[in-house]
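Readers should treat all values here as calculations from the given coordinates under stated rules, not as data from a laboratory. Owing to the predicted nature of the structure, the values given are computational and were not obtained by experimental measurement. Positions of Cβ are generated from backbone atoms using ideal geometry, with glycine treated the same way; all protein chains shown enter the neighbour counts.
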Amino acid sequence: MIAAETKAVAAKGYATHGPEAKFAPFEFTRREVGPRDVLIDIQYCGICHSDIHQARAEWEPMMPSMYPMVPGHEIVGRVSAVGSDVTKFGIGDIAGIGCFVDSCRECPSCTGGIEQYCVKGSAQTYNSTEMDRKTPTYGGYSNKYVIDEEYALKVNATDDIAGVAPLLCAGITTYSPLKRWGSGPGKKVAIAGLGGLGHMGVKIAAAMGAEVTVLSTSPSKEADARKLGAINFVNIKDADATKAAARSFDLILDTISANHDYGAYLSLLGLNGVMVVVGVPTEPTPLNAFSLIGGNKVLAGSLIGGISETQEMLDFCAANDITSDVEVISPDRIEEAYDRTVKSDVRYRFVIDMQNA
Ligand code: NAP
Ligand code: ZN
Ligand code: ZN
């Protein structure tokens, strides 16, 4: 039994010590459970491609990598201790943690419920610091997390807790822009890239009532795309199929992790169409203005979602029976999972079982 409010919490995780280092067991402490904190015994943590980009220092200099790094921001677990002022959670509840664990709480973004855009910079779940800008944050490839209850999410106990974990990043990152840009009945929505984010995008857009198409480089994923809720599938390596899809979509959600030509995808938008970029390739991409101006098109971006919208997404997914399709692995298989994810060989999210870490 943890004595809340009296001592730091010993945690065990898996860390990488450099861009080319292998993951290895890592012991560290979490802060003591404060009055507004909950202690979460982590059960599952998804592997997001952002983990790979950061563990391998692929986003520098825009997003520097700090080592040792314990990645992981798709976290679900059971609450095992609560501070004296906690009201949202009780011991035994299932809770989730997404991509950030604190923010300034005062700026217009924070008071407006879009804490991910905190003007002072929110505290990321890992590869970051607490708001004191000193204490490093370590992520969910670990067995325990201490977090202010306001930044934790309520997860309804379901049989598929492992499948809920990826909703905390892949789910909200696709839900938020799909909702904002009008995915729904009568809308032709294309999801570019059928990976962790993409497969959630297909399920969520279909549940919103949109007509969904998958734009993929992997023809072997066509049957899956249709099972996930897509009506159409375009192999974008097939020039004829891609040409036939020109000017046909209202909205494209670009989840692609590797460098690609935005112009080629923008050509698939109809008049007034919108392409929202959520994938973060490692290199800048040239863009010809003609790709946008001819059809009065919009090229937009979107970063995860705020706490209240993340809760809304979890409730939407629970109501629509949506979880992620996962392959559960033990922590000693992180490297293999990274390599397979980079090769687009994941159906459709690796999730690490942290219960025996
Ligand atoms: P993932 O599971 O690896 O999926 C990426 C997909 O991109 C692949 O499955 C593949 O789909 C497609 N792809 C890969 N290489 C490609 C290429 N050269 N050309 C075209 N398509 C290619 O990754 P993820 O976890 O979904 O993350 C996707 C991206 O979103 C990453 O860059 C990640 O960092 C970023 N991200 C952003 C946010 C945000 O808030 N904006 C949040 C989370 C993640 P096909 O096999 O179907 O072609
Ligand atoms: Zn992520
Ligand atoms: Zn703020």
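Enumerate the residues in region 176-219 having an amide nitrogen under 17 Å from the point lying 7 Å beyond the Cα of Asp321 toward its Cβ.
Backbone N within reach: 203-209.
What number, in percent, do you get for the relative contact order of region 39-159 if the mean sequence gap of Cα pairs under 8 Å and at least 6 apart is divided by its residue count? Please report the intermediate quantities before stating the final value.
On the way: 245 pairs, mean separation 36.1, N = 121.
For region 39-159, the relative contact order is 30 percent.
Convex hull over the alpha-carbon atoms of the chain: what's its volume per residue in Å³? Could the numbers behind the result be given before it?
On the way: hull volume 47.2 nm³, N = 357.
Value for the chain: 132 Å³ per residue.
Which of Lys203/Lys227; Lys7/Lys144; Lys187/Lys243 have a Cα-Cα distance over 18 Å? Each step should come with its number before you reach the end.
Numbers: Lys203/Lys227 9 Å; Lys7/Lys144 14 Å; Lys187/Lys243 20 Å.
Lys187/Lys243, as the Cα separations exceed 18 Å there.
With the dipole of the chain worked out from charges on the C-beta (+1 for Lys and Arg, -1 for Asp and Glu) around the Cα centre, which of Ile256, Ala10, Pro108 lies farthest toward the positive end?
So the residue furthest toward the plus end is Ile256.
Taking amide H positions as placed in the peptide plane 1.01 Å from N, state which residues far from Ile352 in sequence (5 or more) or on other chains have amide H under 5 Å from it.
It is Cys45, Gly46, Ile47, Ile329, by chain and number.
Where Rh is the Kirkwood radius over the Cα pairs of region 166-231, the temperature 4 °C and the viscosity 1.567 mPa s, what D in µm²/s does Stokes-Einstein return?
Working: Rh = 11.4 Å.
This corresponds to a translational diffusion coefficient of 113 µm²/s.
Using the Karplus curve 6.51 cos²θ - 1.76 cosθ + 1.60 with θ = phi - 60°, what ³J(HN,Hα) values do you get for each residue of region 167-178, in whole Hz, with x for Gly and Pro?
For region 167-178, the Karplus-derived couplings read 5, 5, 10, 4, x, 6, 5, 9, 4, 4, x, 4 Hz, x marking Gly and Pro.
Could you go through region 338-353 in sequence order and give the Karplus-derived ³J(HN,Hα) for each residue, using 6.51 cos²θ - 1.76 cosθ + 1.60 with θ = phi - 60°, rounded to whole Hz, and x for Gly and Pro?
Per-residue couplings from phi come out as 4, 4, 5, 5, 4, 7, 6, 9, 9, 10, 10, 8, 7, 10, 8, 7 Hz.
With +1 assigned to the C-beta of every Lys and Arg and -1 to the C-beta of every Asp and Glu, and no other charges, what is the dipole magnitude of the chain about the Cα centre in debye, to the nearest 20? Don't skip to the end; give the middle numbers.
Numbers: 32 positive and 43 negative charges, 127 e Å.
That gives a dipole near 620 debye.
Quote the Stokes-Einstein diffusion coefficient, in whole µm² s⁻¹, for region 213-342, based on the Kirkwood radius over alpha carbon pairs, a temperature of 37 °C and a viscosity of 0.692 mPa s.
Values: Rh = 17.0 Å.
The estimated diffusion coefficient comes to 193 µm²/s.
What list do you get for Thr341, Thr111 if you sort them by fewest beta carbons within 10 Å?
Numbers: Thr341 21, Thr111 11.
Going from sparsest to densest Cβ surroundings: Thr111, Thr341.
Which whole-number percentage describes the relative contact order of the chain, with Cα contacts under 8 Å and a sequence gap of 6 or more? Can you show the working numbers first?
Values: 850 pairs, mean separation 62.1, N = 357.
In percent, rounded to a whole number, it is 17.
When the chain is fully extended, how far beyond the present Cα-Cα distance does Asp339 get from Trp59, taking 0.36 nm per residue of separation?
Working: separation 280, 0.36 × 280 = 100.80 nm, distance 1.74 nm.
Length gained between Asp339 and Trp59: 99.1 nm.
Rounded, prolate or oblate for region 21-103? Axes are the square roots of the Cα gyration tensor eigenvalues, ordered a ≥ b ≥ c, and the cut-off for rounded is a/c under 1.5. Provide the component values of the computation, followed by the final result.
Numbers: a/c = 2.18, a/b = 2.09, b/c = 1.04.
It comes out prolate by the Cα gyration axes.
Using helices alone, I'd like the mean residue ellipticity at 222 nm for the chain: each DSSP H run of four-plus residues gives -39500 (n - 2.57), total over residue count, nearest 500. If you can, show how the numbers build up before the last one.
Details: 11 runs with 82 residues, N = 357.
Helix-only estimate at 222 nm: -6000 deg cm²/dmol.
What is the order of Lys343, Lys88, fewest Cβ neighbours within 10 Å to most? Mind dumping the intermediate values first?
Details: Lys343 9, Lys88 15.
Lowest count first: Lys343, Lys88.
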